[in-house]
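So the structure is just underneath, and the comments pick up after that.
We did not get these values from a lab; they are worked out from the coordinates using the rules stated. Source: prediction; values computed, not measured. Cβ coordinates were reconstructed from backbone atoms using ideal geometry, including for glycine residues, and neighbour counts include every protein chain displayed.
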Amino acid sequence: MAITSKLKPEDRKLLIEGAFEAKKGTYSPYSKFPVGAALLTSDGKIIKGANIENASYGGAICAERTAIVKAVSEGIRSFSGLAVVTNVEKPISPCGMCRQVLREFVSLKMPILLVPANYPSPSDDETFTEGGVRETDLDELLPDSFGPEELELPRGE
Ligand SMILES: [Zn+2]
């Protein structure tokens, strides 16, 4: 029996569908590891991102950062969910750099859905939500994190 999502079913559906749609935008000829990410804004819009690689490997950007950079650069700073999907048939977590970038703009408790490629998966992992989706948040993925509030603290010269 799967645990219950914190998201409304319609928001969860938008996010999962958005992540699969976003993955179609991947440019990943080097890693051959397509990733799609969808951010749900507080006013109900979906912002999609895919991983975009480069012949100069360091120029690559992940799907999660593509989505957040697109949103923030359009003036959107308020989010209520994120979904990430790859071509792997299990939930795959955002990399460390993406976790830190997300930390700047999303709440520690905002639901993050890690969606298996074969969603809805017949996974019998009881810690997952419906369809084999792992639902987590930054509190769990990036514990004891450093964020913008730390720069507001009084400090010496
Ligand atoms: Zn990343």
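Need pairs with beta-carbon distance below 6 Å; first residue of a type in the set (Asp, Glu) and within region 50-73, second within 14 Å of the ligand (Cβ to nearest atom); sequence gap 6+ or separate chains. Cβ pairs passing all conditions: 53/28; 53/60; 64/37; 64/94; 64/98. Starting from region 91-102, keep only residues that are under 16 Å from residue 20 (Cα atoms) and more than 9 Å from the ligand (Cβ to nearest atom), then list their pairs with residues that are in a loop (DSSP other than H, G, I, E, B) and not aliphatic (A, V, I, L, M) whose Cβ atoms are within a distance under 7 Å, requiring at least 6 positions of separation or different chains. Every condition considered, the pairs that remain are 91/116.
Please work out which residue is nearest to the ligand (Cβ to nearest atom), limiting yourself to region 52-80 and to residues that are surrounded by 14 or more Cβ atoms within 10 Å (Cβ to Cβ) and over 15 Å from residue 102 (Cβ atoms). Even if it seems obvious, please write down each step before you answer.
To start, the set of residues in region 52-80 that are surrounded by 14 or more Cβ atoms within 10 Å (Cβ to Cβ) comprises 52-53, 60-72, 76, 79-80.
Now restrict to residues that are over 15 Å from residue 102 (Cβ atoms): 52-53, 60.
Numbers: 52: 12, 53: 12, 60: 9 Å.
Checking each candidate, the answer is 60.
Filtering region 125-136 to residues that are among the charged types (D, E, K, R) and surrounded by fewer than 18 Cβ atoms within 10 Å (Cβ to Cβ) leaves 125, 126, 130.
The criterion of being assigned to a loop (DSSP other than H, G, I, E, B) and either of a type in the set (Asp, Glu) or in contact with a Lys or Arg (Cβ under 6 Å, 6 or more places away or on another chain) (or both) holds for residue 43. Against the test of being free of Cβ contacts under 8 Å to residues at least 40 places away in the same chain and under 20 Å from residue 14 (Cα atoms), the options 116, 111, 154, 122 yield a single qualifying residue, 116.
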